Structure formats: structure tokens, C-alpha cells
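The values are calculated or read from the model by the stated rules, or taken from the named source; none is laboratory data. This structure is a prediction, so every number in the text was calculated from the model and none was measured. Every residue, glycine as well, gets a Cβ built from its backbone with ideal geometry; the counts of neighbours run over all protein chains shown. Heavy atoms of the whole protein, side chains included, go into the accessibility calculation; ligands, DNA and RNA do not. Shrake-Rupley method; radii C 1.70, N 1.55, O 1.52, S 1.80 Å.
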Amino acid sequence: MTNQTSDVLDVTDLRTYFPVRSRGLIPRTIGAVKAVDGVSLSLDAGETLGLVGESGSGKTTAARSILMLVRPTGGSVKIDGEEITDLSARKLMPIRRKAQMIFQDPYNALNPRHTVGAIITAPFKVQKVVPPGGVKKGVLELMERVGLNPEHYNRYPNEFSGGQRQRIGIARAIALRPKLIVCDEPVSALDVSIQAQILNLLRDLQKEFGIAYLFVAHDLAVVRQISHRVAVMYLGKIMETAPRELIYSRPLHPYTHSLLSAVPVPDPKRQAHRKSRIVLHGDLPSPIDPPSGCVFRTRCFQAQERCAVEVPPLVELAPGHHVACHFPIAVEDLPARAEVQALTADDPQEATPDVQIVSREEAADGAAGAAGKGRGAQEEALDEGGAAEEGVSLNKPRA
Amino acid sequence: MTATSEEPLSGMPIVGSADRPFLSVNDLHVTFPTEDGLVQAVDGVSLSVERGKTLAIVGESGSGKSVTAQAIMGLVNRKSATVTGEIWLDGQELINLPQREVQELMGMEIAMIFQDPMSSLHPFYRIGDQIVEAIRAHRSIGKAAARRETLEMLQHVGIPAAERRIDAYPHQLSGGMRQRVMIAMALINSPQLLIADEPTTALDVTVQAQILELIARLQGEFGTTVILITHDLGIVADVADDVAVMYGGRIVELASTTTLYDLPEMPYTLGLLSSVPRMDQKLPERLDPIRGNPPSPIRLPKGCVFQPRCDYWQRVPGEACLTVRPDLLESDPDHWVRCHLKVEERKQIARDVKQILAGGGE
């Protein structure tokens, strides 16, 4: 690849397929689940890339493939400039000092028979590293740094709450001062008040040690809080990627719009004044037999004939803002409401799903005045960063 | 305990009209004996819901929200737990009702949906047969008629190709689809009360939005009363009329949804609201979490259960927060708060915090 920069992580055209075998005495491979299908992304030191998507989108498989926990089928993964896809398990060992992982479930990620001390000591032992002052001192410092009481060195994981266990996992991950940490849904199993503590801790550690995070999550509000850039995945492919301010205030992909419009806002007044609501009925299509053309077209309110034929490439529409869509749509052009009845495997001939759209004009006619108020609320809601200060076209009055 | 236990009826908070609430829970206690001592999972909970309304019970793990729901459903095992208090459903008291009669109510008058649909679907039986059984357990109706009704209900909850899916096994359906089947099964006998325990926690946002719209639509059609148990404050704002916030087995704040989000008075509620990352506000540099961890139900603090994590307890003169359990008192009409701080002071704190949040960084 052409990339000679100092990127901590550089992933190009990553593909991870799982074979589907037939039943019978001699199973044959009859197909493949394309869990990750041509994902490219990169990360600088001290940067966080949020990777979001629904379950089945391949975000977790992508994260695991990057660390070779699942061997990818093709593509290139470079960590700190070094190609690692063809390395043997033994040769990967030194790489693991640079790239670590934090898991979703703090209950299963820690060995219940090992003490906290032993768990955090493990990276030093495995990699034969002795921190200045000795291993034990290093472990105690780590515990203190992540907010654990060092006196709990000899306790077992079951004596800790979920949030504290996640802190143990974080201490283990940062022990060797890695350059990259892949976080797979690190806060989704935690209570709200604890979630915020862990997010703050991750951010502080990033500032202190310059760690780059690949932050895999399904919660868009959490991702917004911690990420510098966001990539949206759907059925193994990246649909849209952009700097944080852009993806939340000026998304262009219909799928990103759908996701954002589905997130409940903890404020009853704003909730009632949502400008546009896109409701997707039905589920993700099966990754064994993905739709032709654009994979999202079976649930897309923008879908047209062309989408069934041509795979949309990921194109840069604004600096740093890449979108894979034939018909990207700006916030101000969204309908007031769109209901999409997803195509299922039962209707293979169809190119576009059944879509019901209520335009803003219709909505305004229906409830005179109310729509105008709604627009105001939505603009406030999207008020973020530079994009909002310039007013951009969000404030453009519509007839 | 509080005044509530001495005078169960007079101290009972009733949100909305006090005439005749459809469901009222009165000084409910659920106690589990464990090796480490008695666990007061639910400690004097009183609440009421009017017919056709939605009450959300919000709390973190261990707050007693699920046990409260299970007690209303009669699902708490009386051999391993003590349940005291009163639960009135439409003029009938449930706690002292014989087990047989409770079972008749379950699935007919009251239904429950869970976070994990596989906890109410049997993996060995076709979904259609399971729903038919739910109908025939309560109503004398022929198999063919029950099957027709099942099919209609499956279509009603938005299952595509329902005439084929009716003969599917649970494992053949996706998570969102199973959730719909469970909702279909819960609503098949048009229950008057639906208890939804974290019904969308395991689902993706797009599917979550579908399921919430579905529950709201069916509620409108059937006039069902809904108790929604959740930790997600966004969902609450979306669907609930009233909210009860639980902490350490007690209700710490009870109000209409608009009031609660507008001016929460209990520092815990305020903390919850300000520790959630939000998409509709400016991005703060750091989140403002509640410090510490939720209390262990075995060793609850002597005074206010929230005191060890509270930022404001020193503003209360004396050591009331350390030694005296506060009562759930009405600070405004239909707004109940369990806190030693003065009402005006609480409101000022809430206004200040909201100001800071709205100002936020970036």
C-alpha cells in the first residue's frame, strides 16, 4: 500500500468470511458469510475512531480481525507500520505489546480463579517486561491509576462490581503502554452512572498516554462522547465515515439518518418535536445472501432501481467525509416521516422496498405551526461544534 | 420505617387523579434471606397507575425495579422470599390471593414481557402452538379459532409472512422478531396490565424504535395500562406518562415525565440525567458521573441510602443524611421526593446543574 505515514493502525480492504458448510457425511463449503467485506480505516496516535452499527453489521468481527483474534480472509492490517496479517502466532507476540483489547463483558473477560494482582501481572509475565521499580510496584500503580484500591491486590474478580471489573480489564490493557486499544462495547454492560465513569477514565488515559482507540459500540450517544471520527457499518461494509461533528450534524447516508432518528432523546419536550422520524420495519438481511448492489437498499427510503444493480463506492463528498450511497440526502431534505417496510428474502424480484413518506409540507399542513416549532427544536438538537455555529444550511427556510 | 408503614393509606403517593387508580401498590416489601443476612430488595414501595397510562420504573441494577415488577406479577417465589404489603388491581388485592386465582389472572388480566424473549418462549415448540396454548389456557375456544386469532395477532405485531412464520420455531427468528412474538403472546388475551421488563435492552436502536412504537400503538388500541421497567432515560422520555426512580429498593422520586425531566429534585435523579451522554446537547469535555458504586443491598447505609454518593448532603444542617432515612414527601402536587434538602434548595441545585449542562464545552 501507499501509506508510509505514522498511522498507528492502517487497515485496507479487510475481508473476513466464514465458510458455510453443507450437512452430510462429507461437508462441502457451499457459501460464505461475508462478516467483514472490504473495510478500510486508519487511526492516528491519540485518536479515537468510533465504529458503530447494528448487531450483525460485522463491527465486532472487524475489531477481532484487526487484532488477528479471528484470522481475516484477505486485506491488509498494519499496526505501527508493520504488516501483521501473515504473521504466525509466535511472531504476533511482540505486536500484542502495541495493540490490546478491552472486552464487552467484564464478567467473562477475567479468569475467576486468578486474583486481580495476577490478572494485571499477566501481561508483564507473558511479554517478559519489568517496569521500573519491579512488577508488583507497577501493578499497584496501574490499579491506582484506573481507580482501584491497591489493597484489593489479592481479591478475586467475583468480589467486584461490573464497573470495577471493567477497570481491571482496562488496567490489564494499558499495562504495557500499548499504542492501540480495541474496545469492543466496553460500557454497554454497565449501569448509566458507571458508564460515565469508565468513559471519563478512557479519555483521561488517552490524554496521558496518547493511546489510539478503535471504539466499537452500538450506542450513538456514547460514541459521540468519546470519538474523534465515526465509521458506520452495515452488513460488513462501511456506509459512511466522517469527523464526529459532521456525522452527527450533517450525515448524508440514509442509513445514518435512520440510526440517528431512532435514538431516544432523554427529554420529553424535544422527543415530541422531532423533525423527522425514519422508522425501519423488518430486520437486517441475512449476511449469507446479501442484497445485490447496495446492501442497505432493502431497508432504504431512498432506494431506486440503480441501487439493486450497482454497488455504491465509498466516495469523499466533503473533506474527510466518505459516503457509500448513490442518493445521499442532507438533513434539511429529509421527510418529516418515512416508514420503510423492509424487503425480505420472500420478494426477490423487487428492487426497492415499500416506502411511505410524509413530506414536511404535508406535515405542516396537518399541524399548522407545530411543524415550524419542531424544526426549531431539531436545529437546537443538532446544534454542535463548528457546523452549527456557521448555521450552515440547517437554518435555510423551507417553503 | 417511614410514615408510610404506619399509615399505609394516608401516606401513599398517587400520581394523577386519586379517585380510583387502576393499579395501586401499597407499602410493598420483598425480603430475601441470604447467607450474608436479610436482603431488603424492595423496601416500602407505594405507587399507582391510572388505566391506560404508562408508568416507567427507572433504576440501576440492584435498585429493586425488577423485583417490584415480579411481585406485582406474583412471580416472586414465596418459599425463598417474604412479600408483604398490598397490591390492588382493579379492586382486587393480589398478594393474599390464593395461588390458583393468581394464575388465572396471569396471562389474562396481567401479562409480562421480558428482556430476553427466550425466557418466555419454549425452544421445542412452534411459536403458533405456544400462542394457541396461551389462548386456550384461559378461554374455552376451538383450536382452529385460536389459530386464526394467533395469525391475526402475529400480523398485527408486524411479523412479515406470518402465515408461514406461525409454524416456525423460536430459533428460526431474529431477536426483534422473537420480541414481537413474545409481545403477541402477552397481548393475545387483551390483558389490562402489561409489565415490560427492559423490553428493548437487547435490541438494536432501529428495532427498539419499532418495538416501542408497537407497544404504544397496541396500548392505544386496547387501552392497556403499561408498567415499563428500564434503565434507559431516553426511552422513558419517549413513552412514559409518569416515572418512578428507584434506588436501593426504594422509590426516591416520583413525578410526571415532564416534571421529572424539567426539574428533578432528588440528587440521584439529577446525577442520572447528567451522566448520560446525550445527542441533543452540546458535547461536554467530560461527563459528570455519579461517583462511587451503587450500595450493596446487604449493607445499606444507615441514613439516606444515596448519601455516600451525594454531592449535596453537607448542605443539610446536622447529620440528618447520615442518620435518618428521609421519607418520600410531596414537594409539589404529584411530585414526590425522598431527600432531606429543602425544596427550594433542591430546585436551585437542579436549575444550576441544568445551566451547566446546557452551557457545556465545545
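What to note about this one:
- Residue among B:GLN219, B:GLN155, B:GLN210 that is of a type in the set (S, T, N, Q), part of a helix (DSSP H, G or I) and open to solvent by 40 Å² or more (accessible area, probe 1.4 Å): B:GLN155
- Hits in region A:311-360 - residues which are open to solvent by less than 80 Å² (accessible area, probe 1.4 Å), at pLDDT below 85 and of a type in the set (Asp, Glu): A:ASP346, A:ASP347
- Residue among A:PRO112, A:PRO131, A:PRO123 that is surrounded by 12 or more Cβ atoms within 10 Å (Cβ to Cβ), under 31 Å from the mean Cα position of the chain (by Cα) and either within 20 Å of A:PRO186 (Cβ to Cβ) or in the same structural domain as A:ARG167 (by TED's automatic domain parsing) (or both): A:PRO123
- Number of positions in region B:195-207 that are more than 10 Å from chain A (Cβ to nearest Cβ) and surrounded by 24 or more Cβ atoms within 10 Å (Cβ to Cβ): 3
- Matching residues in region B:106-129 - criterion: being open to solvent by 20 Å² or more (accessible area, probe 1.4 Å) and in a helix (DSSP H, G or I): B:MET118, B:SER119, B:ASP129
- If you go through region A:168-196 and keep only what is within 14 Å of chain B (Cβ to nearest Cβ) and under 21 Å from the mean Cα position of the chain (by Cα), you end up with A:GLU185, A:PRO186, A:VAL187, A:SER188, A:ALA189, A:LEU190, A:ASP191, A:VAL192, A:ILE194, A:GLN195, A:ALA196.
- Candidate set: region B:158-171, residues that are in a helix (DSSP H, G or I) and within 12 Å of chain A (Cβ to nearest Cβ); chosen: the one most open to solvent (accessible area, probe 1.4 Å): B:ARG164
- The listed residue being farther than 13 Å from A:SER57 by Cβ, within 11 Å of chain B (Cβ to nearest Cβ) and open to solvent by 10 Å² or more (accessible area, probe 1.4 Å), out of A:ARG229, A:ARG224, A:ARG244, A:ARG250: A:ARG244
- Just one residue in the set B:GLY37, B:GLY44, B:GLY62, B:GLY74 is over 27 Å from A:PRO266 (Cβ atoms), crowded, with 17+ Cβ neighbours inside 10 Å, at pLDDT below 90 and not polar (S, T, N, Q); that residue is B:GLY74.
- Residues in region A:270-281 that are more than 7 Å from every other protein chain (Cβ to nearest Cβ) and modelled with pLDDT under 85: A:ALA272, A:HIS273, A:ARG274, A:LYS275, A:SER276, A:ARG277.
- Check on A:SER76, closer than 16 Å to A:GLY236 by Cβ, surrounded by fewer than 18 Cβ atoms within 10 Å (Cβ to Cβ) and either in contact with a His (Cβ under 6 Å, 6 or more places away or on another chain) or not basic (Lys, Arg) (or both): no
- Region B:246-271, residues that are over 21 Å from B:VAL316 (Cα atoms), within 12 Å of chain A (Cβ to nearest Cβ) and either touching a Gly at 6+ places or on another chain (Cβ under 9 Å) or of a type outside the set (Val, Ile, Thr) (or both): B:ALA255, B:SER256, B:LEU260, B:TYR261, B:ASP262
- Residue in region A:179-196 that is among the charged types (D, E, K, R), under 25 Å from B:LEU203 (Cα atoms) and surrounded by fewer than 21 Cβ atoms within 10 Å (Cβ to Cβ) present: yes
- A:SER57 vs. criteria among the polar types (S, T, N, Q), buried (at least 16 other Cβ atoms within 10 Å of the Cβ), on the phi < 0 side of the Ramachandran plot and in contact (Cβ under 8 Å) with a residue 60 or more places away in the chain: yes
- Unique residue being over 25 Å from A:ILE194 (Cβ atoms) and of a type outside the set (Lys, Arg) when the list is B:ALA237, B:ALA255, B:ALA216, B:ALA244: B:ALA216
- Checking every residue in region B:31-38 against the condition of being part of a loop (DSSP other than H, G, I, E, B) and farther than 27 Å from A:GLN195 by Cβ gives at least one match.
- So B:ASP241, is it more than 9 Å from chain A (Cβ to nearest Cβ), under 26 Å from B:ALA71 (Cα atoms) and surrounded by fewer than 22 Cβ atoms within 10 Å (Cβ to Cβ): yes
- Candidates B:ALA41, B:ALA56 - the one that is in a strand (DSSP E or B) and within 14 Å of chain A (Cβ to nearest Cβ): B:ALA56
- Test: residue in region A:35-47 that is crowded, with 20+ Cβ neighbours inside 10 Å, assigned to a helix (DSSP H, G or I), touching a Pro at 6+ places or on another chain (Cβ under 8 Å) and in contact (Cβ under 8 Å) with a residue 12 or more places away in the chain: no
- Test result for A:ALA262, touching a strand residue (DSSP E or B) at 6+ places or on another chain (Cβ under 9 Å) and more than 8 Å from chain B (Cβ to nearest Cβ): no
- Verdict on A:ALA367 being open to solvent by less than 50 Å² (accessible area, probe 1.4 Å) and at pLDDT 90 or above: no
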